[in-house]
Each structure stands twice: as structure tokens, then as C-alpha cells.
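The values are calculated or read from the model by the stated rules, or taken from the named source; none is laboratory data. Remember, predicted model here, so these are calculated numbers, not experimental data. Note: ideal-geometry Cβ built from the backbone for every residue, glycine included; neighbour counts use all protein chains shown. Side chains are part of the model used for accessible areas, which takes the heavy atoms of the whole protein and leaves out ligands, DNA and RNA. Shrake-Rupley method; radii C 1.70, N 1.55, O 1.52, S 1.80 Å.
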Amino acid sequence: MLLAIENILTREELAGVRDLFAKARFVDGRVTAGELAAKVKNNLQLPANAEETQVLTDIVHDALHCNPLFVSAALPKVVCPPLFNRYVPGMDFGIHVDNAIRVGATTFRTDVSGTLFLSEPEEYDGGELIIEDTYGVQQIKLPAGSLVLYPSSSLHRVEPVTAGHRDVAVFWVQSMIRDVAQRSLLFQLDAGIQSLRARAPESPEITPLVATYHNLLRMWADI
Ligand SMILES: O=C(O)CCC(=O)C(=O)O
Ligand SMILES: [Fe+2]
């Protein structure tokens, strides 16, 4: 399931993030790449121990956990500290699949990959995120503050940036629901329940649907 979510960050949060990016000192992104990804990774990133990184991580984590669509789609068990990346002209990220396991302070399985866009599309040329999903090849370039989520099993790449710079926060989620099809069913069911609740809050069908949602979650969740 590939999902774009708008306005993960408020205008104020985005301005704060962009301010921190403007002051930050970036290093070669290969420092955190796995063996295979290091061969194709060609970008800049903030060091994990940079002063700005912790502040940025808190802003992004808070925004994600407060977003009902993100929580419903990802059903997160672990959201790792994001990588804060910058691509300047000539930089790209060749085709790869993300490492299944990320080893660190918390070692976790990557089920869902996310890119939160921090630059406006008109601020740079190129830099499209290309995802080869089961539904074909998707080309993604979203407004600043918007997020794309996709299964970590997908092959993907970032087209070369040819002008301006592309700033993003990239992160991975271990979901309570490992299986992408089960996760997708729960997301669909939750969307249906939310819509029914909004349109006809007194509907007697809501209770059995909510019960089904929770009982499927109980059946499938690994926590
Ligand atoms: O920059 C992006 O949108 C994705 C980067 C990426 O694929 C990665 O860091 O593994
Ligand atoms: Fe990746």
C-alpha cells in the first residue's frame, strides 16, 4: 500500500524545521547505509549526534504520532529516529531495497518506509522518488510537510537532483501488523468506520464494526 498524507507538519513546524536545516552542517549520507545501499547512496545527512537532530526528531515523531491517518495506516510499534537528508545538484539514490533489519539503539524490522518532504516541489528540479510497487511504477514529489508511506519491501530510487536542493526526513516503521495485506485491510476497515461515524454517528452498525476491527487487531498484532 502506497499512501500520501498531506500536512503532517503545520506551517509553523515546517518553518521551524527549515530554519534548523538552514543552520545545520551535513555530512556524507553513506555513513548509515547498509553495504548494498552505500554503493548507490549519494546524498548528505545530518549526523545522529548533531544538536539539531534531536530537536528535529522530536518534532517529526510528535507530528507522526498525532496524525490519525499515519497511525491507522502504519499501526506503528517502532518509529526510528529519521535521517535528515539533503540532495544537492548531482546527488541521487540508485535503485535499492531498504535493509530488513536496522541495528541500533533499538533493533527493529522495517515494514513501512516513509519520506517526509521538507522542500517545496518548485524549489528543486529532479529528485522524484520512484517506487516500484505491485501496482506499477509510482513517481512521487509532494509538497513540503507531506509524507509518502510505502512497503519497505518495494524497490525504490531517487532521481538525480539537477537544480536547487531536496530536503527530506526519511524513516522506517516496524508495524504491529507485519503483513502488508492485513495492514491494508485494517486501514480500509478503519477508514470505513471513521466515515460512518462522521456521517451517521448513531448507526448501530458501528459497534460490531469496531469490535471486528479490534478483534482482527488482537488476532494479528505482534507487540
Ligand atoms: O530520499 C528519499 O526519499 C528516500 C531515501 C531512501 O530511499 C533511503 O534512505 O533508503
Ligand atoms: Fe531507501
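Kindly provide the set of residues from the stretch 1-15 that are assigned to a helix (DSSP H, G or I) and surrounded by fewer than 15 Cβ atoms within 10 Å (Cβ to Cβ), ordered by number. Selection gives Arg11, Glu12, Ala15.
Within the stretch 146-171, being over 17 Å from Pro81 (Cα atoms) and under 16 Å from the mean Cα position of the chain (by Cα) holds for Ser146, Tyr150, Pro151, Ser153, Ser154, Leu155, His156, Arg157, Val158, Arg166. Give just the number: which of (1) of a type in the set (Asp, Glu); (2) in contact with a helix residue (DSSP H, G or I) (Cβ under 8 Å, 6 or more places away or on another chain); (3) assigned to a strand (DSSP E or B) does Asp125 not satisfy? The failed condition is (2). Picking from residues in the stretch 98-107 that are outside any strand (DSSP E or B) and in contact (Cβ under 8 Å) with a residue 60 or more places away in the chain, the one that is farthest from the chain's Cα centre (by Cα) is Asn99. When Phe70, Phe21, Phe84, Phe26 are checked against the criterion of being away from ligand 2 (no atom under 16 Å from the Cβ) and under 13 Å from the mean Cα position of the chain (by Cα), Phe70 stands alone in meeting it. Per the conditions (1) of a type outside the set (S, T, N, Q); (2) more than 21 Å from Glu6 (Cα to Cα); (3) touching a residue at least 60 places away in the same chain (Cβ under 8 Å); (4) part of a strand (DSSP E or B), the sole criterion not satisfied by Arg178 is (4). One residue stands out in the stretch 172-223 among those that are of a type in the set (D, E, K, R) and open to solvent by less than 50 Å² (accessible area, probe 1.4 Å): the one that is farthest from Val103 (Cα to Cα), namely Asp190. Somewhere in the stretch 43-50, is a residue farther than 27 Å from Glu159 by Cα and open to solvent by 30 Å² or more (accessible area, probe 1.4 Å)? So far as the stretch 43-50 goes, yes, one or more of its residues are farther than 27 Å from Glu159 by Cα and open to solvent by 30 Å² or more (accessible area, probe 1.4 Å). You will find that of Gly94, Gly114, the residue that is within 10 Å of ligand 1 (Cβ to nearest atom), assigned by TED's automatic domain parsing to the domain that holds Arg25 and open to solvent by less than 10 Å² (accessible area, probe 1.4 Å) is Gly114 and no other.
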